[in-house]
Protein chains: 2
Amino acid sequence: MRVESYLQGDWCDGGGEGETYCDPTTGDVVAQFSTQGLNLAEAFQYARTTGCSNLAATTIHQRASMLKALAKILGDAKESLYEVSYQTGATKADSWIDIDGGFGTLFTYASRATNELPNAKVVVDGDVEKLSRDGSFVAQHVFTPRQGVALQINAFNFPIWGTLEKFAPAFIAGMPVIVKAAEQTGFLTAALVRVMIDADVLPEGALQLVCGKSHDILDHVQSQDVIAFTGSTSTARIIRTHPQVVAHNPRLSIETDSVNATILGPDAKSGSDEFNLLIDEVVKEISTKAGQKCTAIRRILVPLEIMDELSASLSIRLQGIVTGNPRNERVQMGPLVSLAAKDRVASCIEALVQSCDVVLDGRTIDDLVDAERSGAFIGPTLLQATSSTADVVNNVEAFGPVCTLIGYSDNIDLVRIVKAGDGALVGSIFSNDDEFVASLVNNIASYHGRILVVNGENAQSHTGHGSPLPTLLHGGPGRAGDGEELGGMRAVKHYMQRTAIQGSPQTLANVTGRWVEGAEIIEPGVHPFRIPFHELAIGTTFFSAEREVTIADIESFAHLTGDIFYAHMDEESAKRNPIFGGRVAHGYFLVSAAAGLFVDPPYGPVLANYGIDALRFTKPVKPGTRIKVRLTCKSKSFRQGRGYGEVAWDTQITDQDDNVCASYDVLTMVSELAIPDGGET
Amino acid sequence: MRVESYLQGDWCDGGGEGETYCDPTTGDVVAQFSTQGLNLAEAFQYARTTGCSNLAATTIHQRASMLKALAKILGDAKESLYEVSYQTGATKADSWIDIDGGFGTLFTYASRATNELPNAKVVVDGDVEKLSRDGSFVAQHVFTPRQGVALQINAFNFPIWGTLEKFAPAFIAGMPVIVKAAEQTGFLTAALVRVMIDADVLPEGALQLVCGKSHDILDHVQSQDVIAFTGSTSTARIIRTHPQVVAHNPRLSIETDSVNATILGPDAKSGSDEFNLLIDEVVKEISTKAGQKCTAIRRILVPLEIMDELSASLSIRLQGIVTGNPRNERVQMGPLVSLAAKDRVASCIEALVQSCDVVLDGRTIDDLVDAERSGAFIGPTLLQATSSTADVVNNVEAFGPVCTLIGYSDNIDLVRIVKAGDGALVGSIFSNDDEFVASLVNNIASYHGRILVVNGENAQSHTGHGSPLPTLLHGGPGRAGDGEELGGMRAVKHYMQRTAIQGSPQTLANVTGRWVEGAEIIEPGVHPFRIPFHELAIGTTFFSAEREVTIADIESFAHLTGDIFYAHMDEESAKRNPIFGGRVAHGYFLVSAAAGLFVDPPYGPVLANYGIDALRFTKPVKPGTRIKVRLTCKSKSFRQGRGYGEVAWDTQITDQDDNVCASYDVLTMVSELAIPDGGET
């Protein structure tokens, strides 16, 4: 099968003979690629112009809803992708992680972006900073999309998930993507991208695909670009030191090798629940994708005194793993991705056995189901380190079904061994000893992007050592590349530039679309609660009448609510309180009375007050104080397709001398209709 | 003067002849350095062991209070630093930015860290993520200090501010610092560090100083380190591609050149306020530090039609700048830092004049006050570009008192010219046209770390184009290095590692010191409000009695507060509301009644409820519903030296069927005494 690239809105072939890739189970040729004649310079230029401008015309929520639509269409097409996936050596279970896992990531990014980011083009970061006493000079940090290309260079092991977990956050951020698919499995990525393009959901220029070798792709990067890379340390070094990269400082997010450790706590006895849970996890991690996962377990750290027992039990379980043709339903583990990969793993094993005993050697396999030894097969391999300080044990990542057992003598030794891995994507701990776990986690957290702790409570519910989740950080320091992917909306911000904007309050309001104290106040002539969502302007304000807070109010409120705290009800005690110095009104009464002052009672577009944010009581209110309220439309975010939007109102309660007594944001749902029709939301 | 380094707790000299540095005004030798015999490997090791462990023993607030104490002591010693500063060529006004600006940064970091970060060792990031339906498996992102060295390589222009603005966030984060001072002005940094060390405030190992050349300093970096660099693009390239850096992936934060632009809006007429404000700003930026600021204005973009008038007016003002010996109080601009720097600037001017007309040439100066031409003087230099598309105009940063005027024809041309700078630390806009400003800012934000907008409102209050502020981001994409410094607590997190911790709720509670839903609940036998701060355990919980919400309650509450919104008072209208479908209790009544259910009335350790965070009404409460409250001690942060701490209580209102009706955090101040003494807080 000839596999094309998708550039500048067209499928295209680089011409010439190209590269050939084979099914690692059968040796059959499955794909031929060529990038020889492709014009990547024009593809980058197309992304920077057509892609950037089309994306800039959309809001974050619009992009989120495209992503959701895309995920649905992909779901409908998944059977065909499963078929192609066998040709990469993946079992059905492996493909589920790659395919369904990838689609799930799209759904998560779509819903999180809708719930956690505004329906806007600019995302604010942190609070407004007041820079002058008179309030005429303020600042706000904002995130805007980087005006370049997100070049995403993927690894071979997850041709679908890997593509989508990088694409989703870049697309939400508003950056056009050029996917550089891995060579060995690019035909599956191409099949995915074909469905994505045929879906006709994405704006033109938002997605391009390069399949095949591409030695010159980095020659086209510029300063606003983001390069996200998953793969080998050697390729990462080429990227980091590439003259174009060094000259222009595109942002890099790099995820490389990782000699991930799983740890059995010192409390675990032989045959205990944790002992068995750890064995289950190792068996799963070693067989899934034939161990070709950057998050797989490479080192098993166990108390020295039970290492031999664990080794024996684990070895028996590993011998039970059925290896062979992934199309056969009995098979639990398929081949490696290629014969070259098999050779690389074999030579890593050769390096490891210099400092390890061999418990189980997968380089020779007797039982293969439905497959020939000429395929790229390596069986489960278990090694046992003879010295925990040997460099090779902590530094060599055999990217296949290979694990090394290392015994630790005490907690200090354990921490030393973990850190000898020099930075990892993930570590896991199996222990019921809370104190040990808390101390260990604090000791080793900075060497990890993710740490999983399994104990009796979550033995059944945990999601596993090797599973990155869309909402959690994926990436790690040091050897792991020091990049960050996923982590929910954190990843979106890696594709945006953070900028501090300084200016007058109105300038900030214009730039961010959010009202800032000191910005223009609009008094519309009607109560703001009578204005439907789309007509409501940022800055629209209601100034209430005054109300005196009396001792009778405080008494009545205490009586009604049952809140007879001494500060409100007992003058003697309240006088002793260093903050109040005498009876004061309930804070809850203030916000309640404020609502009484600002609400507009009749039926109208304001559907509900669904919450309050950042309420601070800044000045105690004594009886006799006259309070009043200012309520200003601060921010709006429309809920696409639901007939209403969220409106936050900046609210301030002041006394007769204009001292601020309380400030908060009132959160409301506002209909787009003046008189909502009462339908279901 | 022989200048020593401070390593492993001692002042030391590298021996040999070393390098010699001269006062750029007088040519007198002012300093000799040598790093020849220094053992940097041991210095790094000392930081990793003594430094890291001493810092790990302190909380963020403890570090903040050390920083504050240090800033006070530095303030007392500032006269001596001002004296030394003249020898760098700085005027008194220049030194004020460097010295007082540096101390101010320490004060800001001390107070922000106390107010915005917990008094703890771990900082949580974002919300708890629920990962299993039953709540037994959850996750929390945390920041912990990177367990390495913060190697801070400073530029010559701000020997004090530059050192302190990098030191403060690393120290708050808990990383030991090795300062590599700039060679030309390292004697002033050494004088600063001597005061810091003599103050005896910092933990041993927290601060070391290398003065002089140090070709091998990068050979010692490891994966947990952070390298923060300010300086030239050529040195930045050496750092990025250094074999040790490429092999180990320390985190990099790089700040390099920047051809910053200031922009006069198309609305500005010749002689208008904005026209004059921009001229004032350029005069200030060109003369301060003789233009040796990474944030200085290099390009002045003005509407083509008024370029000549601006050029003429600006030229007159620039000619009025008094240049000479910085010790003379009449002098407004001193020399460049060295004769070599003067040569570099002169050759940049030479390059620029290939595409520019010379309006004012500072390479020849007639009037020098109190100084000889043999000093490193260059006078104010104004060039006028003959073509806005010439590469040199947008790419050459003459690091001295040199500006180039560029005329733009329309807004599209303007955006193109700004972007041709390829990334900058700062840009500024002088305009009163709100619409133009908002559109321009959105167009160019991603090319900047900071954008200043000056208009009529903040003409008097703005802090200037060239002033980084401790609370605002300093750094920029592309040419500027793509690093981030300052920005308040954002910078602290650059010295920490973000890690996702997955486990049972109790595991997360143990690691973070914060209660998580599902973690252990402690029922202490007394009301939690009777427990003083230090005895109060995380997880301490109060379960209230039930209370029925009646129609009479709703009526009374409406009557007392004045809140007669239809959803509470008008059954007919409330039925039309798609969320309520009938009369419901006021949300404000719920939280008020909840307080009635949970408060403990008598005088005791709870001093005040100072606010509420993240209140969400999740289920409308109809008359007849019986509500109850759970109040759980979620997080604690002691206020060092104030006798109380902040306690947040996770609060949940549920109905008789345990549906959650509202959830929020109640924020209180809790005394360390069971019966507070009533003193001032």
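Under the condition of being β-branched (Val, Ile, Thr) and within 12 Å of chain A (Cβ to nearest Cβ), which residue from the range B:394-436 is surrounded by the most Cβ atoms within 10 Å (Cβ to Cβ)? Talk me through it step by step, then tell me what you get.
Just the residues of the range B:394-436 that are β-branched (Val, Ile, Thr), to begin with: B:396, B:402, B:404, B:406, B:412, B:415, B:417-418, B:426, B:429.
Okay, now just the ones that are also within 12 Å of chain A (Cβ to nearest Cβ), so B:415, B:418, B:426, B:429.
Values: B:VAL415: 16, B:VAL418: 24, B:VAL426: 31, B:ILE429: 28.
Filtering the range B:394-436 for residues that are β-branched (Val, Ile, Thr) and within 12 Å of chain A (Cβ to nearest Cβ), the one surrounded by the most Cβ atoms within 10 Å (Cβ to Cβ) comes out as B:VAL426.
Which members of the range B:587-611 meet the condition of being facing chain A (nearest Cβ under 7 Å) and either touching a Cys at 6+ places or on another chain (Cβ under 9 Å) or of a type outside the set (A, V, I, L, M, F, W, C) (or both)?
B:GLY587, B:TYR588, B:SER592, B:GLY596, B:PRO601, B:PRO602, B:TYR603, B:ASN609, B:TYR610, B:GLY611 - these are the residues of the range B:587-611 that are facing chain A (nearest Cβ under 7 Å) and either touching a Cys at 6+ places or on another chain (Cβ under 9 Å) or of a type outside the set (A, V, I, L, M, F, W, C) (or both).
B:GLY481 versus (1) more than 9 Å from chain A (Cβ to nearest Cβ); (2) out of contact with any Leu (no Cβ under 8 Å at 6 or more places or on another chain): which is the lone unmet condition?
Only one criterion in (1) more than 9 Å from chain A (Cβ to nearest Cβ); (2) out of contact with any Leu (no Cβ under 8 Å at 6 or more places or on another chain) is unmet by B:GLY481, namely (1).
Given the conditions (1) surrounded by 17 or more Cβ atoms within 10 Å (Cβ to Cβ); (2) more than 7 Å from chain A (Cβ to nearest Cβ), and given that B:LYS575 satisfies all but one, which numbered condition is not satisfied?
Every listed condition holds for B:LYS575 apart from (1).
Yes or no: B:GLY449 open to solvent by less than 10 Å² (accessible area, probe 1.4 Å), within 9 Å of chain A (Cβ to nearest Cβ), touching a Ser or Thr at 6+ places or on another chain (Cβ under 9 Å) and farther than 11 Å from A:GLN502 by Cβ? Working first, answer last.
Working: open to solvent by less than 10 Å² (accessible area, probe 1.4 Å): yes; within 9 Å of chain A (Cβ to nearest Cβ): yes; touching a Ser or Thr at 6+ places or on another chain (Cβ under 9 Å): yes; farther than 11 Å from A:GLN502 by Cβ: yes.
Taking the combined requirement at face value, the residue satisfies it.
Counting just the residues of the range A:191-206 that are open to solvent by less than 10 Å² (accessible area, probe 1.4 Å) and in contact with a strand residue (DSSP E or B) (Cβ under 8 Å, 6 or more places away or on another chain), which one comes out farthest from A:PRO24 (Cα to Cα)? Reasoning before the result, please.
So the first thing to find is which residues in the range A:191-206 are open to solvent by less than 10 Å² (accessible area, probe 1.4 Å), and the list is A:192-193, A:196, A:205-206.
From what's left, in contact with a strand residue (DSSP E or B) (Cβ under 8 Å, 6 or more places away or on another chain): A:193, A:196, A:206.
Working: A:VAL193: 23, A:MET196: 27, A:ALA206: 33 Å.
Among those that are open to solvent by less than 10 Å² (accessible area, probe 1.4 Å) and in contact with a strand residue (DSSP E or B) (Cβ under 8 Å, 6 or more places away or on another chain), it is A:ALA206.
Just checking, which of B:GLY503, B:GLY518 is facing chain A (nearest Cβ under 9 Å), touching a residue at least 60 places away in the same chain (Cβ under 8 Å) and open to solvent by 40 Å² or more (accessible area, probe 1.4 Å)? So that I can check it myself, show each step before the final result.
On the way: B:GLY503 fails: open to solvent by 40 Å² or more (accessible area, probe 1.4 Å).
Of the residues listed, the single one that is facing chain A (nearest Cβ under 9 Å), touching a residue at least 60 places away in the same chain (Cβ under 8 Å) and open to solvent by 40 Å² or more (accessible area, probe 1.4 Å) is B:GLY518.
Looking only at the range B:631-669, count every residue that is assigned to a strand (DSSP E or B) and in contact with a helix residue (DSSP H, G or I) (Cβ under 6 Å, 6 or more places away or on another chain) and tell me the total.
4
Any residue in the range B:427-450 that is basic (Lys, Arg) and in a strand (DSSP E or B)? Talk me through it step by step, then tell me what you get.
If we filter the range B:427-450 for residues that are basic (Lys, Arg), which is where we start, we get B:450.
Those still in the list that are in a strand (DSSP E or B) too: B:450.
The answer is yes; a qualifying residue exists.
If you scan the range B:451-470, which residues turn out to be touching a residue at least 60 places away in the same chain (Cβ under 8 Å) and in a strand (DSSP E or B)? It would help to see each step written out before you state the result.
Pass one, the range B:451-470, residues touching a residue at least 60 places away in the same chain (Cβ under 8 Å): B:454-456, B:459, B:464-468, B:470.
Once the filter is applied, which keeps residues that are touching a residue at least 60 places away in the same chain (Cβ under 8 Å) and in a strand (DSSP E or B), the range B:451-470 yields only B:VAL454.
Of everything in the range A:119-144, what is in a strand (DSSP E or B) and open to solvent by 20 Å² or more (accessible area, probe 1.4 Å)? Give them in sequence order. Before you say what the answer is, go through the steps one by one.
The initial filter retains those residues of the range A:119-144 that are in a strand (DSSP E or B), namely A:123-130, A:138-144.
Of everything in the range A:119-144, those that are in a strand (DSSP E or B) and open to solvent by 20 Å² or more (accessible area, probe 1.4 Å) turn out to be A:VAL124, A:ASP125, A:GLY126, A:ASP127, A:VAL128, A:GLU129, A:LYS130.
Six or more apart or on different chains, Cβ under 7 Å: which pairs go from a residue in the range A:636-659 that's within 15 Å of A:ALA595 (Cα to Cα) to one that's open to solvent by 10 Å² or more (accessible area, probe 1.4 Å) and assigned to a loop (DSSP other than H, G, I, E, B)? Could you list them?
A:ASP650/A:TRP515
Looking only at residues that are within 14 Å of another protein chain (Cβ to nearest Cβ) and among the aliphatic types (A, V, I, L, M) in the range A:219-242, which one is nearest to A:ASN395 (Cα to Cα)?
A:ALA236
Within the range B:296-321, how many residues turn out to be more than 35 Å from the chain's Cα centre (by Cα) and either under 23 Å from B:LEU425 (Cα atoms) or small (Gly, Ala, Ser) (or both)?
5
Exactly one of (1) among the β-branched types (Val, Ile, Thr); (2) within 20 Å of B:ASP370 (Cβ to Cβ); (3) open to solvent by less than 10 Å² (accessible area, probe 1.4 Å) is unmet by B:VAL322. Its number?
Checking B:VAL322 against (1) among the β-branched types (Val, Ile, Thr); (2) within 20 Å of B:ASP370 (Cβ to Cβ); (3) open to solvent by less than 10 Å² (accessible area, probe 1.4 Å), the one that fails is (3).
Could you list, in sequence order, the residues of the range B:145-188 that are open to solvent by 10 Å² or more (accessible area, probe 1.4 Å) and at the interface with chain A (Cβ under 9 Å from one of its Cβ atoms)?
Result: B:PRO145, B:GLN147.
Please find, among B:THR144, B:THR105, B:THR163, B:THR185, the residue that is among the β-branched types (Val, Ile, Thr) and within 30 Å of B:ALA614 (Cβ to Cβ). Quick ask: steps written out before the conclusion?
Working: B:THR105 fails: within 30 Å of B:ALA614 (Cβ to Cβ); B:THR163 fails: within 30 Å of B:ALA614 (Cβ to Cβ); B:THR185 fails: within 30 Å of B:ALA614 (Cβ to Cβ).
Result of the check over B:THR144, B:THR105, B:THR163, B:THR185: B:THR144.
Considering only residues that are within 19 Å of the chain's Cα centre (by Cα) and aliphatic (A, V, I, L, M), which ones fall in the range A:437-453?
Result: A:ALA445, A:ILE451, A:LEU452.
Under 30 Å from A:GLY126 (Cβ atoms) and at the interface with chain B (Cβ under 7 Å from one of its Cβ atoms): is that true of A:ALA614 in this structure? Talk me through it step by step, then tell me what you get.
On the way: under 30 Å from A:GLY126 (Cβ atoms): yes; at the interface with chain B (Cβ under 7 Å from one of its Cβ atoms): yes.
Yes.
Working carefully through the options A:SER313, A:SER258, find the one that is open to solvent by 20 Å² or more (accessible area, probe 1.4 Å), in contact with a helix residue (DSSP H, G or I) (Cβ under 8 Å, 6 or more places away or on another chain) and of a type in the set (Ser, Thr, Tyr). Working first, answer last.
On the way: A:SER258 fails: open to solvent by 20 Å² or more (accessible area, probe 1.4 Å).
Just a single option satisfies the conditions, and that option is A:SER313.
Could you please find all residues in the range A:145-167 being assigned to a loop (DSSP other than H, G, I, E, B) and among the charged types (D, E, K, R)? Show your work before the answer.
First pass over the range A:145-167, keeping only residues assigned to a loop (DSSP other than H, G, I, E, B): A:146-149, A:154-160.
Hit for the range A:145-167 is A:ARG146, nothing else.
One residue is enough: does the range B:428-436 have a residue meeting the conditions under 24 Å from the mean Cα position of the chain (by Cα) and in contact (Cβ under 8 Å) with a residue 12 or more places away in the chain?
Kept after step one, since they are under 24 Å from the mean Cα position of the chain (by Cα), are these residues of the range B:428-436: B:428-429.
From what is left, the residues that are in contact (Cβ under 8 Å) with a residue 12 or more places away in the chain are B:428-429.
Checking the range B:428-436: at least one residue is under 24 Å from the mean Cα position of the chain (by Cα) and in contact (Cβ under 8 Å) with a residue 12 or more places away in the chain.
The values are calculated or read from the model by the stated rules, or taken from the named source; none is laboratory data. Here the structure is a predicted model, which means the values were calculated and not measured. A quick note on method: Cβ atoms are made from the backbone with ideal geometry, for glycine too, and the neighbour counts reach across all protein chains shown. We work out accessible area using only protein heavy atoms, side chains counted, and drop any ligands, DNA or RNA first. Shrake-Rupley method; radii C 1.70, N 1.55, O 1.52, S 1.80 Å.
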